[in-house]
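Read through the structure below, which is laid out as structure tokens, and then see the notes.
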Amino acid sequence: MRCKHLGFVYCDNCDPDHIYDFKFSSPIKKITSKFKKVNPMVLKYGELGGVTCKNCKHLERHCGGNKIYPKCRLRGISHGAGTDHLVNWEACKKYAV
């Protein structure tokens with residue numbers, strides 16, 4: 001039965017105190033979809049195709065604490081998470097070895 005107050009199925013009496021008594025007939029699948037991050041340089045310069053940024057000469061690795069943060073020189077380098085670059089992104093047309 002649909003609850004007229006909350007808009008989802010939870011009990012026959014439409015009583016909020018019984019919301020946790022509802023039993024599902026089958027297990028609920030966990031949804032683990034991630035939003036695909038897009039390389040901002042591909043949006044700016046276009047995609048090269050078949051190559052990742054891992055071996056590009058513009059990719060720098062900056063150390064901070066006990067971690068290494070990859071940064072692309074073409075994007076500009078800040079010392080924050082906003083310019084972190086994923087090495088497995090598809091390379092842009094400015095890729096160089």
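Quick notes
- Residue, farthest from residue 43 (Cα to Cα), within segment 62-86, restricted to residues that are outside any strand (DSSP E or B), free of Cβ contacts under 8 Å to residues at least 24 places away in the same chain and in contact with a Lys or Arg (Cβ under 7 Å, 6 or more places away or on another chain): 77
- Among the criteria (1) assigned to a loop (DSSP other than H, G, I, E, B); (2) modelled with pLDDT under 65; (3) of a type outside the set (Gly, Ala, Ser), the one residue 36 does not fulfil is (2).
- Scanning segment 87-97 for residues that are within 18 Å of residue 38 (Cα to Cα) and assigned to a loop (DSSP other than H, G, I, E, B) yields 87, 88, 89, 93, 94, 95.
- Inter-residue pairs, beta-carbon under 8 Å, first in contact (Cβ under 8 Å) with a residue 40 or more places away in the chain and surrounded by fewer than 16 Cβ atoms within 10 Å (Cβ to Cβ) and in segment 37-53, second of a type in the set (Gly, Ala, Ser) and not in a loop (DSSP other than H, G, I, E, B), 6+ apart: 51/91
The values are calculated or read from the model by the stated rules, or taken from the named source; none is laboratory data. Worth saying up front: this structure is predicted, and the values here are computed from it rather than measured. No Cβ is skipped: glycine too gets one built from the backbone with ideal geometry, and neighbour counts run over all protein chains shown.
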